[in-house]
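Reading through the structure tokens given below for one structure.
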């Protein structure tokens, strides 16, 4: 992948990765059997955990097919590496602020998974303007509405916020919450930091 052509997003919004399998000849080719799919996913997951929240959704989505990937999945994995090739200058930034508190973003994509119709929860938690925790996970049950999916996602995010607050207190760090309360505010989709952790985005939205 050293000489690959960079792309501007880690996932193609128009690509269909779940749902019914492709024709047999596209699934069981020797080419797909011999590709280092699991090794590639492992490397990407390592990056996701430490420094690259922007590839978390795409990587977690593709990790579900590690046992029996198809050609379309391997193409999508290579796209992530092409995206990384063109974004080696990206980094997590923290800016000192007198007010020390956790800022959390929670989003959910309702029933967009064709395999089981479970929604995806995405969240990003920031401290001093920099991301310190993020995740993109399938919800455990099928939500019956967008509202239910959002509430389940919000519950998961609040649990992470409370855990981080207790961790900070345990290691004797400065308090990272305001009066021990969580303030919940609605944020438009165009301003939602966690949006990229619930679905693939087009170039313009991804870069904002």
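The values are calculated or read from the model by the stated rules, or taken from the named source; none is laboratory data. For clarity, every value in this text was computed on a predicted model and none was experimentally measured. Every residue, glycine among them, receives a Cβ derived from its backbone with ideal geometry; neighbour counts consider all protein chains shown.
Worth pointing out:
- Only one of 106, 133, 196 that is under 22 Å from residue 57 (Cα atoms), in contact with a strand residue (DSSP E or B) (Cβ under 8 Å, 6 or more places away or on another chain) and assigned to a helix (DSSP H, G or I): 196
- One residue stands out in segment 55-81 among those that are part of a loop (DSSP other than H, G, I, E, B) and touching a helix residue (DSSP H, G or I) at 6+ places or on another chain (Cβ under 7 Å): the one that is surrounded by the most Cβ atoms within 10 Å (Cβ to Cβ), namely 69.
- Of all residues in segment 136-147 being part of a loop (DSSP other than H, G, I, E, B) and in contact with a helix residue (DSSP H, G or I) (Cβ under 6 Å, 6 or more places away or on another chain), the one that is nearest to residue 95 (Cα to Cα): 139
- Here residue 150 does not fit the description of being under 18 Å from the mean Cα position of the chain (by Cα), touching a residue at least 24 places away in the same chain (Cβ under 8 Å), in a loop (DSSP other than H, G, I, E, B) and surrounded by 11 or more Cβ atoms within 10 Å (Cβ to Cβ).
- Residue selected from segment 170-198 under the condition under 25 Å from residue 137 (Cβ atoms), surrounded by fewer than 17 Cβ atoms within 10 Å (Cβ to Cβ) and modelled with pLDDT under 80, by the criterion nearest to the chain's Cα centre (by Cα): 184
- The residues on offer are 85, 95, and the sole one that is more than 17 Å from residue 2 (Cα to Cα) and touching a residue at least 24 places away in the same chain (Cβ under 8 Å) is 95.
- Of all residues assigned to segment 82-93, at least one qualifies as being modelled with pLDDT under 95, surrounded by fewer than 18 Cβ atoms within 10 Å (Cβ to Cβ) and touching a strand residue (DSSP E or B) at 6+ places or on another chain (Cβ under 7 Å).
- Residue in segment 34-43 that is in contact with a helix residue (DSSP H, G or I) (Cβ under 8 Å, 6 or more places away or on another chain), in contact (Cβ under 8 Å) with a residue 40 or more places away in the chain, in a helix (DSSP H, G or I) and under 25 Å from residue 127 (Cβ atoms) present: no
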